[in-house]
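All remarks here apply to the structure that follows.
The values are calculated or read from the model by the stated rules, or taken from the named source; none is laboratory data. From a predicted model like this one, the values you see are computed outputs, not experimental measurements. As a convention, Cβ positions derive from the backbone with ideal geometry for all residues, glycine included, and neighbour counts pool all protein chains shown.
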């Protein structure tokens, strides 16, 4: 290896650490952003445990569990893509990213089905919440947090889909490859983070009261 | 020789990735917002000349103090030192060619302006009367006006803080010049570093809080809504979890600026460098744990009150230590009372008063009495205006030769600094007394007993106003017509003074190697 | 200029603590300002004073003032917390008075049911416990002469205990920003000797001015057009309605209270009393909040009146 190539490899590595540090910092921000919602959840679950248990029974357990599985498996593919792009295997990289992307899309589709179901069950907080039933008004708090937090998570999923689509485009055109692999790792970090958030949301909403 | 100020086209400024130009973009923007917010303050002070509030209706007055608060806090104080001086100086001080993510840096300015224009739109077309704190359920249910737009503006501008904070943290970690170890960093960099951590960790909580408030307003139901079992106090907890650290976002970089100035003009290394650096970190850390002291009378438990009172006293220890260290730095120095030093010592004096009155507020029974009165108003203006704005102006004067390559008229600048100091004290000291006597804040009219002190305060504000106008005028004039300054007019230490003034676009021809301890001044040498 | 009066059991203690704080702060301010001035003169550039390094180790100085300030602060923390815990203890026997904050008035009910607005009568030297809440936004109950303050919060009841130690009339302010007329949400605490207070309590009368004003508003907004007994429109008569439980069209029942009346006036589409056609128009944006409060007070009072 020539000397200039060694220097440029070192520069590239320094650059990669810098970008990764930036992403970790951003993820710290995200943790605190969701933290506000988790704080609200903790407070109200502590105050109204029965309402939250009842809320958990309104959730579509099967769909939620399927979604958890989808996200966890998609993260594996993103992790493989990171290795593949460094090894210069463009086809494998693209395949993994595309699989993860489709699984993310499926996640959102299932989420949409769940939302539709909640709307027709009159579980949307507000004036039309479970009319004719003298149900616990605290249940509205649970549903409010459910829509707020899963909605926010879904927004992050959409951002993730856009980012992965951008990655695939870059890999296809060759802008991202063995000589510049770090975007896959950095966006992968984000993808794993969004995955982790769901892993926390899942028990908070689907397993509570079960 | 080419400098970063060459190519003065609008397009080149709006698309620049140069941290120095972005710093100046912020300078113009925050000066603009400051002017509007100061005008709102002036209108309030004039209205308070009469106890019966004849000049403006209550609704107008309420919109004025909201405008003043929102613009001053989020569009002046928070970005002032980090985004203007920090952007300009941080890469120069650590010996880098730019920040770690230049494009993110420019994006942060655009996001900031987008937020600013949302807020301006809300103010111009109806206004908002919630106060800068947006307390629920008033903001979410009862207030009229563009609460949503205003909150959206603050929400959006929060991303500017986050982007800038991220950029600075990564820059300080990754782009320091060879030999520039952590304990060789100027205290200004320590201040910016701590501030950036707070920006990154606290701002998102504000974003979440405003989002929850906005959702509640939009859908008529929400998590702070007592009708479905929600707790309006949760909003306050979340809000102050951001906003208390946010006052440290405002003050810590100011402390950094003051350390730079005092050492330079007394020709001495700062007294207790490591203690100063750790004090900044301690304030940033403890600052996250004291939010509950804003809620001593809002029915939080007695136990919580006692704990937050204790922590609030503890966070004052490092601040007190810093004041003593600055004072001791002067001892056996070789002091020249130039304009930046007048501002810096003004900072130390006013910050001391602001900090000590903070002890009144941390003492539980006394806080019960003065909470929500003008005592609190005076306290935070002593810290924020007396402290932060003095530090900011000191910093602007100190680095003005570096930014513009020119000198300002020294005697006029000293006169302006003294005018500001006197005007400030006349404006805000009477408010301590008003507060202890029981005058509540956010009152558009007040009992006639409070008249005399309010008139005094308004008189002081007019002097303060003149004091602020002066630098605005002579600094603009000096930018074009001032005497050339040369690279280092103060004979100051620090990497930023080793490059020409104004610096070239790439800052350093060759990345420097640092071999000196910080503030390697010697009072016995004639500079 | 006014002098602040010490008119409650806690006032003197709070003032004493504040005086100690003031003394300590004054000392530190003089010390710091004095040293700055002395150093600035003595060590001005070109003066003959010695610039030799300080003869004492830096860490000793730092340790000294870290320890010193910490101890000083702990002392203030301790005395403050001790007084606070004592004065926040709301248990024990006391006269209970209910206080409701709403935009923009203080609505007070004495133990015998006597109601007053924007004034609070309390007996001298008797322990009084206020049970406070808010109907709309957060307000704060502040009596400077008592060194007393407590936020009142919707959906929550908070307690406040004090003993008045001087007779007289003391201003009462709202110190939590609560909307347009925040600055006008003022009242008075009237401390009377126990025998005067008892006489005042016995003489229970509805506050005539409030009722008269509320009645005028009731006429002004045309409420009486439908809701008077002689009206030809089929609308419920409101006399004696307050406090009753009425059937709704959907089979449920609701109690007529301030919230209910508020809904009827502002959101009539959400309230369907059984047996009446949905003809009531919404007065949202027509009746300002202050007038609404007075109309509701009037409707409430029109039953309570003898």
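Tabulated data for the structure shown
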quantity	calculated
Filter result (buried (at least 23 other Cβ atoms within 10 Å of the Cβ) and farther than 25 Å from residue B:235 by Cα) within segment B:103-144	B:105, B:108, B:109
Residue B:464 vs. criteria surrounded by fewer than 16 Cβ atoms within 10 Å (Cβ to Cβ), touching a residue at least 40 places away in the same chain (Cβ under 8 Å) and either assigned to a helix (DSSP H, G or I) or under 28 Å from the mean Cα position of the chain (by Cα) (or both)	no
Residue B:478 being in a helix (DSSP H, G or I) and touching a strand residue (DSSP E or B) at 6+ places or on another chain (Cβ under 7 Å)	yes
Residues located in segment C:9-46, provided they are more than 9 Å from chain B (Cβ to nearest Cβ) and not in a helix (DSSP H, G or I)	C:9
Close pairs (7 angstrom Cβ cut-off, 6 or more residues apart or separate chains): more than 20 Å from residue B:208 (Cα to Cα) in segment A:18-33, at pLDDT below 95 and outside any helix (DSSP H, G or I) anywhere	A:18/B:100; A:22/B:100; A:22/B:101
Segment C:260-288, subset in contact with a strand residue (DSSP E or B) (Cβ under 7 Å, 6 or more places away or on another chain) and surrounded by 13 or more Cβ atoms within 10 Å (Cβ to Cβ), residue nearest to residue B:143 (Cα to Cα)	C:260
Some residue of segment B:294-305 being more than 10 Å from every other protein chain (Cβ to nearest Cβ), assigned to a helix (DSSP H, G or I), free of Cβ contacts under 8 Å to residues at least 24 places away in the same chain and over 30 Å from residue C:57 (Cβ atoms)	yes
Checking residue C:6 against (1) without any contact (Cβ under 8 Å) to a residue 40 or more places away in the chain; (2) more than 8 Å from chain B (Cβ to nearest Cβ), the condition it does not meet	(1)
Selected residue (criterion: farthest from residue A:40 (Cα to Cα)) from residues of segment B:170-192 that are within 12 Å of chain A (Cβ to nearest Cβ) and in a helix (DSSP H, G or I)	B:174
Residues satisfying the stated conditions in segment C:238-251, i.e. surrounded by 12 or more Cβ atoms within 10 Å (Cβ to Cβ) and within 14 Å of chain A (Cβ to nearest Cβ)	C:248, C:249
Complete set of residues in segment B:121-140 that are more than 8 Å from chain C (Cβ to nearest Cβ) and part of a helix (DSSP H, G or I)	B:121, B:122, B:123, B:124, B:139, B:140
Only one of C:80, C:72 that is surrounded by 15 or more Cβ atoms within 10 Å (Cβ to Cβ), within 30 Å of residue B:375 (Cα to Cα), more than 7 Å from chain B (Cβ to nearest Cβ) and in contact (Cβ under 8 Å) with a residue 40 or more places away in the chain	C:72
Residues of segment C:253-281 satisfying the condition of being farther than 22 Å from residue C:215 by Cβ and either within 35 Å of the chain's Cα centre (by Cα) or modelled with pLDDT of 80 or more (or both)	C:253, C:254, C:255, C:267, C:269, C:270, C:271, C:272, C:273
Tally, over segment B:433-449, of residues that are within 30 Å of the chain's Cα centre (by Cα), part of a helix (DSSP H, G or I) and more than 16 Å from residue B:65 (Cβ to Cβ)	3
Selected residue (only one of B:472, B:495 is under 30 Å from residue B:270 (Cβ atoms), away from every other protein chain (no Cβ under 14 Å) and in contact (Cβ under 8 Å) with a residue 24 or more places away in the chain)	B:495
Residue in segment B:427-439 that is over 24 Å from residue B:388 (Cβ atoms), free of Cβ contacts under 8 Å to residues at least 40 places away in the same chain and exposed (fewer than 15 other Cβ atoms within 10 Å of the Cβ) present	no
Among the residues listed as A:95, A:104, the single one being more than 14 Å from every other protein chain (Cβ to nearest Cβ), farther than 28 Å from residue B:99 by Cβ and surrounded by fewer than 21 Cβ atoms within 10 Å (Cβ to Cβ)	A:95
When residues of segment A:153-162 are limited to those that are surrounded by 17 or more Cβ atoms within 10 Å (Cβ to Cβ) and farther than 15 Å from residue A:114 by Cα, the one farthest from the other protein chains (Cβ to nearest Cβ)	A:161
From the options B:310, B:347, B:324, B:351, residue that is closer than 28 Å to residue B:419 by Cα and at the interface with chain C (Cβ under 7 Å from one of its Cβ atoms)	B:324
Number of positions in segment B:215-231 that are assigned to a helix (DSSP H, G or I) and closer than 13 Å to residue B:142 by Cα	3
Helices (runs of 4 or more DSSP H) wholly inside segment A:35-153 that include at least 2 residues being without any contact (Cβ under 8 Å) to a residue 12 or more places away in the chain and under 22 Å from residue A:201 (Cβ atoms)	A:61-86, A:90-120
Residue match in segment B:241-256 (condition: part of a loop (DSSP other than H, G, I, E, B) and either under 30 Å from residue C:258 (Cβ atoms) or away from every other protein chain (no Cβ under 11 Å) (or both))	no
